[in-house]
């Protein structure tokens, strides 16, 4: 907590935690693209259940994953060959329109320029 938060007479907002909590052990446990792309909605909810990520709805998570992967492909185009089938499967099964559009953008980024 910042010093001004403690001394300001107008700050009446309660502080939830004085000591920062540790990140839930499994909240950030998936560390490669394959694991993230293969994760089901139920697995996602279980993984983030006791972390602040639980506020992120699965559709929002999938959209963010698609955006992050699209950005990563710019820096590491070799990912494309490895992940194309998984990304295609995500796009085909996506139920959220916004996330589906991001998966389509990701598929476009996977295609070599000129194809």
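Any read-out appearing in this document is the output of simple, stated calculations on the displayed coordinates, not a laboratory observation. Values in this document were obtained by computation on a predicted structure and should not be read as measured data. Counting neighbours? That spans all protein chains shown, and the Cβs are built from the backbone with ideal geometry, glycine included.
Only residues that are surrounded by fewer than 12 Cβ atoms within 10 Å (Cβ to Cβ) and under 26 Å from residue 56 (Cα atoms) were counted across the stretch 76-107, and they come to 5. In the stretch 38-53, the residues that are at negative phi form Cβ pairs under 6 Å with partners that are surrounded by fewer than 16 Cβ atoms within 10 Å (Cβ to Cβ) and in a helix (DSSP H, G or I), at six or more places apart or across chains, as follows: 48/54.
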